[in-house]
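**Student:** For reference, the structure I am asking about is given below.
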Amino acid sequence: MYTALWRVLPGPTPVKVLLAVLLALAAVAALFLWAFPALEPLLPFDKIVLEAPPADGTSATG
Amino acid sequence: MGRPAQLVRGTVRGAAELLLTCGAVVLLFALYLVVWSDVQTAAAQGDLRDDFARLTEQAAPATKAAAAKAAAAPAPSTGTGIAQLRIPRLGEDWSWVVVEGVSTDQLKQGPGHFPDTAMPGQLGNAAIAGHRATHGEPFAHLDKLQAGDPIYVTTPTATYTYEVTRQALVAPSEVGVLLPVPNKPEAKPRKARLTLVTCHPRWGSSERLIVHANLVAQTTGMES
């Protein structure tokens, strides 16, 4: 997978290294900005408010 | 080397790279939760602190009349800082700006005030929820509070001193603890209370940790 990527990158080795680093940074940024905030609600850490059970019908304060 | 050997090699290599990548992503996610979320919350609190200082300055010629006016003011908009919360038991420097609202976005900025509950200082029950883990974890050690511990809530016009009465662990569905008189739907409030809410256990969510406190003193104007 990464071998193929390395082959696709253009230019001499220093340019390839630079491009690879930029790509890696872009991937990490995408994870931190979009992927992780979207995944977070699946974990229990932000379930901290009290909510009436749905059947109750009273306003859920969550 | 024969073709089949090469194919096996390529497949194993690809699988190994994929697994290493997954491992790196999981590590990054952990980093996001325990470091990055704290950084973002600290930045949000910095902004809220500045805004709150400005609000307090505007209300500086604080008189009883100004306090009364503030109390009668319409509900603050979601996401704005409404009060500064200080709990000496959690540390001399422990101080957070409480925001209005308790959805995910507001709780990322700091402890949030349940919109349907009384405002701090008012008759009834002012309820505040906060993260116990990640996002600055303001209520990480809320279980350390003991009966009699002071909790200071400073609004732009007044400082309210509450005293912890008791702690409880309840089910996540027990909204009764947020009522003006906790767990008594019919009762009319005669006291001003404060209820702090967070998750329990610290890194889980099977229960909620509740801390009740009663208003014991109030000073109008600025108190440092």
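The values are calculated or read from the model by the stated rules, or taken from the named source; none is laboratory data. What you are looking at is a predicted structure, and each value in this text was computed from that prediction instead of being measured. Counting neighbours? That spans all protein chains shown, and the Cβs are built from the backbone with ideal geometry, glycine included. These area figures cover heavy atoms from the full protein model, side chains too; ligands, DNA and RNA do not enter into them. Shrake-Rupley method; radii C 1.70, N 1.55, O 1.52, S 1.80 Å.
**Student:** Could you sort B:99-105, B:13-19 so that the peptide with the highest average Cβ count within 10 Å comes first and the rest follow in order?
**Tutor:** B:99-105, B:13-19
**Student:** Starting from the Cα coordinates of segment B:31-220, work out the convex hull volume and express it per residue in Å³.
**Tutor:** Considering the Cα atoms of segment B:31-220, their hull volume per residue is 112 Å³.
**Student:** Hey, another quick one. Using a 10 Å cut-off around each Cβ of peptide A:39-46, what is the average number of partner chain Cβ atoms that fall inside? Mind showing how you got there, number by number?
**Tutor:** Working: counts 3, 8, 1, 0, 7, 7, 13, 12.
Mean partner shielding for this stretch: 6.
**Student:** Rank by packing, highest mean first: peptides B:30-40, B:158-168, with packing defined as the count of other Cβ atoms within 10 Å averaged across residues.
**Tutor:** On the way: B:30-40: 15.4, B:158-168: 18.5.
Most protected by this proxy first, the peptides run B:158-168, B:30-40.
**Student:** Leaving out same-chain residues fewer than 8 places away, which aspartates and glutamates sit with a Cα under 14 Å from that of A:Lys16?
**Tutor:** Excluding near neighbours in sequence, the set is empty.
**Student:** Kirkwood Rh, the protein assembly as shown, all Cα pairs: how many Å?
**Tutor:** Hydrodynamic radius (Kirkwood, Cα only) of the protein assembly as shown equals 21.5 Å.
**Student:** Kindly point out which whole DSSP H helices in chain B project their C-alpha atoms 30 angstrom or further along the helix axis while averaging a Kyte-Doolittle hydropathy of -0.5 or above.
**Tutor:** The answer, listed by residue number, is B:3-31.
**Student:** Could you give the radius of gyration (one decimal) and Dmax (whole number) of the Cα atoms in segment A:1-40, in Å?
**Tutor:** 12.9, 40
**Student:** Another question, then. Past 27 Å, Cα to Cα, is the threshold; run B:Lys144/B:Lys191; B:Lys108/B:Lys191; B:Lys108/B:Lys184 against it and keep the listed order.
**Tutor:** Result: B:Lys108/B:Lys191; B:Lys108/B:Lys184 exceed 27 Å.
**Student:** Can I ask one more? Please report the carbon-and-sulfur percent of the accessible area for chain B; probe 1.4 Å, protein heavy atoms only, DNA, RNA and ligands left out.
**Tutor:** Carbon with sulfur: 59 percent of the solvent-accessible area.
**Student:** What full-extension length gain, to one decimal in nm, is calculated for B:Ala5 and B:Lys184 as 0.36 nm per residue of separation minus the Cα-Cα distance?
**Tutor:** Answer, rounded to one decimal: 57.0 nm.
**Student:** Residue by residue through A:23-30, how many Cβ atoms from other chains fall within 10 Å of the Cβ on average?
**Tutor:** What the average comes to for A:23-30 is 1.
**Student:** Compute the Cα gyration tensor for segment B:94-187, then decide on rounded, prolate or oblate, letting a ≥ b ≥ c be the square roots of its eigenvalues: rounded whenever a/c is under 1.5, prolate when a/b is larger than b/c in the other cases, and oblate in all that remain.
**Tutor:** Rounded is the answer for segment B:94-187, as its axis ratio a/c remains below 1.5.
**Student:** Over chain B, what is the relative contact order in whole percent, taking alpha-carbon pairs under 8 Å and six or more residues apart?
**Tutor:** 19
**Student:** Here is a further query. Enter the mean number of other protein chain beta carbons within 10 Å of the beta carbon of each residue in B:7-14, as an integer.
**Tutor:** 1
**Student:** Taking amide hydrogens as modeled 1.01 Å from N in the peptide plane, which residues meet the under 5 Å criterion relative to B:Ala158, leaving out close sequence neighbours?
**Tutor:** Here the answer is B:Gly221, since their amide H atoms fall under 5 Å of that of B:Ala158.
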